[in-house]
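Read the structure below first, then the notes.
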Amino acid sequence: LSSLKKFDEIKKANQAAAKKLVEDQLSSSSEDDDEDAEVKQGKILDKTFTIYTSQTDGDASELERTRQYMNEAFQSGAMTCLICIASVKRNQAVWSCCGCFCIFHLVCIQKWAKDSLFLVSSPLTDDDFGKKDYPWPCPKCRFEYKRSETPNKYYCYCGKVENPTVDPWLVPHSCGQICEREFKPSCGHKCLLLCHPGPCPPCPKMVTTTCHCKKAKAVPRRCSAKEWSCRLPCGRTLLCGQHACENPCHAGDCQPCPRVSKQRCICGRQTAERLCASPQWQCDQVCGKCLPCGNHTCEQVCHAGPCGDCPRSGKRSCPCGKTKFTLPCTEDVPTCGDSCDKVLECGIHKCSQRCHRGPCEICRQEVEKQCRCGKHTKRMPCHKPYLCETKCTKTRDCQKHQCRRKCCSGNCPPCDQVCGRTLGCRNHKCPSGCHRGSCNPCPETVDVKCNCGKTAIKVPCGRERTIRPPKCKQLCSRPPTCHHATQEKHYCHFGRCPPCRQPCQKTLMCGHLCPVSCHDEALVKQTGLHQSAGPWEQPSEPAFIQTALPCPPCEVPIPVECLGQHEVSPLPCHSAHPYSCKRFCGRLLDCQNHTCMKECHHVTKLNSSADGKKAGPECSQCEEECTKPRPAGCPHRCVLPCHPGDCPSCLQMLKIKCHCKLSVLYIECLKLTCADLKEKELLISCKNQCPKELPCGHRCKEICHSGSCPLNCSQKVKLRCLCKRLKK
């Protein structure tokens with residue numbers, strides 16, 4: 001049982017690890033930017049745009065902005081949650097702002113909304129709490145959402161599907177259905193793309209519409225560009241009522257009339273050239289007309305209509321306003337002699353002077369005044385403010401700093417210090433006033449560029465340290481570090497350029513060009529630089545240095561003849577010199593019978609016209625005996641060493657038995673070998689009677705001869721007849 005339990009635990013752990021590995025592979029931050037991924041991404045984009053491009057006859061120029069959002073959804077690290085400054089993965093729940101289309105983690109935006117609502121409602125009293133639906137803002141664009149709009153579920157971009165499944169053949173966080181969101185501004189049509197991030201593209205539908213001035217005939221146009229101008233003069237009457245608008249057909253109200261005309265001012269005294277759009281104007285002269293009283297003149301600046309009655313006519317009040325007098329306009333109103341009793345600036349006491357002209361004096365009564373914070377009192381003139389030196393110890397609304405204002409009334413002003421806390425990006429500090437809660441995300445964006453700077457992507461500030469630079473399709477423009485004038489074509493990159501693979505092409509000492517790959521920057525392992533202190537010291541990694549290696553020996557095949565001129569073989573140029581082919585020399589020696597048996601060697605030609613097959617002084621000397629064939633029958637060897645030409649005549653004596661084998665004859669070898677058969681027969685004969693016995697029993701009568709004896713015996717013998725009676 002214990003072994004089964006342990007097996008189940010290990011099985012569950014392995015399954016959890018495998019599930020996590022699959023999720024990591026499906027995340028957008030771990031996708032590889034290889035060619036296969038780019039092909040796959042292109043297919044997904046084409047599938048998303050298919051319905052839209054079918055309405056526009058293949059024109060996708062209006063989809064660039066949407067394409068950018070979708071590329072960021074695929075690109076590793078491009079989609080970043082501005083709240084936690086972390087990558088947004090495929091398998092994470094997200095929320096998209098409808099104002100800026102920025103994507104956040106669902107958990108992060110829920111916490112953001114909760115904190116924002118708490119900070120807004122915390123200064124409220126218990127009576128006010130809950131009476132107003134305070135909004136919360138988007139962290140990026142500050143677009144305000146109601147409390148009821150706080151996201152609590154994970155939806156796809158178009159909002160149709162809750163918790164969309166992770167599909168590697170769809171845009172991350174997309175449901176794959178047609179978007180069908182209303183276009184903005186609303187035109188009555190709906191988006192035709194598949195569920196996608198970012199704003200919907202302009203409406204591609206065709207509608208029939210006329211121009212702004214309604215003069216041209218209605219034509220079919222794209223719904224997103226249905227407002228158009230016929231470029232004819234507008235012709236509408238301007239506000240001046242005299243001229244018509246001469247601008248080309250345009251949207252909205254016509255501009256003010258641009259013509260200039262001579263116009264009188266309101267009072268009619270001056271004439272000036274002014275724009276037709278503003279016919280009424282005032283000059284800077286005082287009216288000066290005599291008023292009905294006949295004593296005063298109108299002091300108004302250029303005006304229309306009658307000047308009105310004299311302002312000094314009728315009943316007028318004394319300065320304090322208690323007594324009214326009816327006097328001619330030429331006389332000033334006298335003071336009444338009563339106390340002024342106007343309320344002074346302090347708002348408490350009244351002026352004690354008699355009715356007077358001009359402003360009242362300051363309040364000089366001594367009163368018991370309380371300071372603004374209410375902690376101290378003091379007798380002093382009423383007009384002087386009383387502020388004590390006690391500093392307020394209350395905490396301001398930031399809940400961090402004290403008020404520290406002298407004699408504070410209790411309504412402490414907002415904290416005037418800058419927050420200054422380091423934002424999540426770790427690059428900037430919060431510029432807002434000191435506040436409670438989390439700081440707003442850093443609004444800055446950073447361009448992550450390739451090495452040459454021609455390709456860049458915008459990422460939220462703080463992500464530039466973790467995101468991979470974009471792939472640049474521009475060729476590397478660095479100067480070559482080897483001896484070549486130009487380097488091999490390769491794309492822009494960081495770090496060192498790849499090793500040069502071009503042929504070296506340096507001129508070698510032999511005159512040929514070096515054909516191997518460039519070796520100006522070869523990595524060479526350094527050995528023996530560091531000596532270990534003892535056996536306890538760990539061996540260090542071998543160090544490599546970059547150095548220029550010399551060109552290798554020239555390997556161009558050169559036809560070279562061997563020393564003995566037996567063969568011509570192609571040898572590498574660096575070793576192209578006469579060589580021994582290891583064969584026998586084979587040159588004909590002076591004896592004209594044998595060849596040189598030395599290994600292939602150099603032969604000096606004594607004569608330029610000499611035969612190339614003739615032995616030279618370096619060849620071996622023939623020490624053999626003469627082995628030429630002797631004349632037939634000569635058993636002797638040539639008395640000379642191996643020599644050219646014919647052998648000399650053999651003068652030795654041959655010891656030969658005669659035909660009958662009884663006598664020994666001494667004959668010159670030359671005579672015997674040169675004789676024909678008859679002469680040889682005579683030379684070998686001893687000239688005596690043949691001792692051989694014939695079949696008949698008699699001795700051969702012939703002289704010593706070769707071969708069998710002839711059967712011609714002529715010697716007479718006695719014979720008897722058959723009956724033995726007669727004898728002859």
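The values are calculated or read from the model by the stated rules, or taken from the named source; none is laboratory data. Keep in mind the model is a prediction, meaning the values are calculated, not measured. Please note: Cβ atoms are built from the backbone with ideal geometry, for glycine as well, and neighbour counts cover all protein chains shown. Surface accessibility is based on the protein's heavy atoms, side chains included, excluding ligands, DNA and RNA. Shrake-Rupley method; radii C 1.70, N 1.55, O 1.52, S 1.80 Å.
Determine the equivalent ellipsoid of segment 298-346 by diagonalising the alpha-carbon gyration tensor, then write out the semi-axes as square roots of 5 times the eigenvalues, largest first, rounded to whole Å. Mind dumping the intermediate values first?
Details: eigenvalues 167, 51, 12 Å².
Three semi-axes, in Å: 29, 16, 8.
With angles folded into 0 to 90 degrees, how steeply does helix 64-74 sit against the dominant principal axis of the chain? Use alpha carbons for both and round to 10.
It is inclined by approximately 60 degrees.
Cα-based Rg of segment 555-620 per 2.2 N^0.38 Å, rounded to two decimals? Mind dumping the intermediate values first?
Values: Rg = 13.1 Å, N = 66, 2.2 N^0.38 = 10.8 Å.
That works out to 1.21 for segment 555-620.
Rank these residues by their accessible area, most exposed first, probe 1.4 Å: I178, I703, I684. Show your work: numbers first, answer last.
Working: I178 60, I703 100, I684 35 Å².
My answer, sorted largest first, is I703, I178, I684.
Going by accessible area, probe 1.4 Å, with all protein chains left in place, what is the ranking of R181, R372, R357, R90, largest first? All intermediate terms of the calculation are to be shown ahead of the outcome.
Numbers: R181 60, R372 110, R357 145, R90 15 Å².
Putting R181, R372, R357, R90 in descending order of accessible area: R357, R372, R181, R90.
Could you state the angle between the C-alpha long axis of helix 106-121 and the longest principal axis of the C-alpha atoms of the chain, as a value from 0 to 90 degrees rounded to the nearest 10?
20 degrees
Quick one: grab Rg to one decimal and Dmax as a whole number for segment 595-728, Cα atoms only, in Å.
So, for segment 595-728, Rg and Dmax equal 28.8, 102 Å respectively.
Please list, or write none, the lysines whose alpha carbon is within less than 23 Å of the alpha carbon of K692, excluding same-chain residues fewer than 8 places away.
Hits, sequence-local ones excluded: K655, K657, K661, K678, K680, K701, K716, K718.
Scaled to the compact-protein estimate 2.2 N^0.38 Å, what is the alpha-carbon radius of gyration of the chain, rounded to two decimal places? Can you show the working numbers first?
Values: Rg = 65.3 Å, N = 728, 2.2 N^0.38 = 26.9 Å.
Rounded to two decimals, the normalised Rg is 2.43.
I'd like to know which of S186, T237, I703 lies farthest towards the positive end of the charge dipole of the chain, counting +1 on Cβ of Lys and Arg and -1 on Cβ of Asp and Glu.
Towards the positive end, the residue furthest out is I703.
Give me the angle, in degrees from 0 to 90, between the Cα long axis of helix 35-55 and the longest principal axis of the Cα atoms of the chain, rounded to the nearest 10.
Compared with the principal axis, the helix lies near 50 degrees.
Using the charge dipole of the chain (Lys, Arg: +1 at Cβ; Asp, Glu: -1 at Cβ; taken about the Cα centre), state which of V418, T390, T604 has its Cα farthest towards the positive end.
T604
Under a Cβ-only charge scheme (Lys and Arg +1, Asp and Glu -1), can you give me the dipole magnitude of the chain about the Cα centre, in debye to the nearest 20?
1800 debye
Which entries in K111/K400; K19/K458; K140/K226; K184/K214 show an alpha-carbon gap greater than 30 Å? It would help to have the intermediate numbers written out before the result.
On the way: K111/K400 22 Å; K19/K458 33 Å; K140/K226 33 Å; K184/K214 25 Å.
In this structure, K19/K458; K140/K226 lie more than 30 Å apart at Cα.
I85: accessible area at probe 1.4 Å, nearest 10 Å²?
For I85, the solvent-accessible surface is approximately 40 Å².
Out of residues 5 or more away from H705 or on other chains, whose amide H comes under 5 Å of its own, with H placed 1.01 Å from N in the peptide plane?
The list, which skips near neighbours in sequence, is C660.
Post the alpha-carbon centroid distance, segment 647-720 to segment 305-358, in whole angstrom.
204 Å
Report, by chain and number, residues whose modeled amide H sits under 5 Å from the one on T323, excluding near sequence neighbours (fewer than 5 apart, same chain).
Residues meeting the amide H criterion: C318.
Under the Karplus relation 6.51 cos²θ - 1.76 cosθ + 1.60, θ = phi - 60°, what is the ordered set of whole-Hz ³J(HN,Hα) values for segment 7-13, x standing for Gly and Pro?
Listing the rounded values in order: 5, 4, 5, 5, 4, 5, 4 Hz.
At a probe size of 1.4 Å, how large is the accessible area of T507, to the nearest 10 Å²?
100 Å²
For segment 262-420, just the Cα set please: Rg and Dmax, both in angstrom.
28.0, 73
In terms of solvent-accessible area of protein heavy atoms at a 1.4 angstrom probe, what is the ranking of T165, T53, T422, highest value first?
Working: T165 115, T53 35, T422 75 Å².
The most accessible residue leads, giving T165, T422, T53.
Which of G564, S580, Q592 sits farthest toward the positive end of the charge dipole of segment 555-620, with +1 on the Cβ of Lys and Arg and -1 on the Cβ of Asp and Glu?
Farthest towards the positive end: Q592.
If the cut-off is a Cα-Cα distance under 27 Å, which lysines reach K525, setting aside same-chain residues fewer than 8 apart in sequence?
Within reach: K506.
With every protein chain left in place and a probe of 1.4 Å, what is the accessible surface of S649, to the nearest 10 Å²?
That residue has around 80 Å² of solvent-accessible surface.
Where only protein heavy atoms count, and the probe is 1.4 Å, what is the accessible area per residue for the chain in Å²? Don't skip to the answer; put the middle values down first.
Values: 48430 Å² over 728 residues.
Counting only protein heavy atoms, the per-residue value for the chain is 67 Å².
Keeping the other protein chains in place, figure out the carbon and sulfur percent of the accessible area of the chain, with a 1.4 Å probe.
On the way: 25340 of 48430 Å².
Solvent-exposed carbon and sulfur of the chain make up 52 percent of the total.
To one decimal place, what orientation-averaged projected area in nm² is obtained for the convex hull of the Cα set of segment 660-728?
Working: hull surface 23.2 nm².
Mean orientational projected area (segment 660-728, Cα hull): 5.8 nm².
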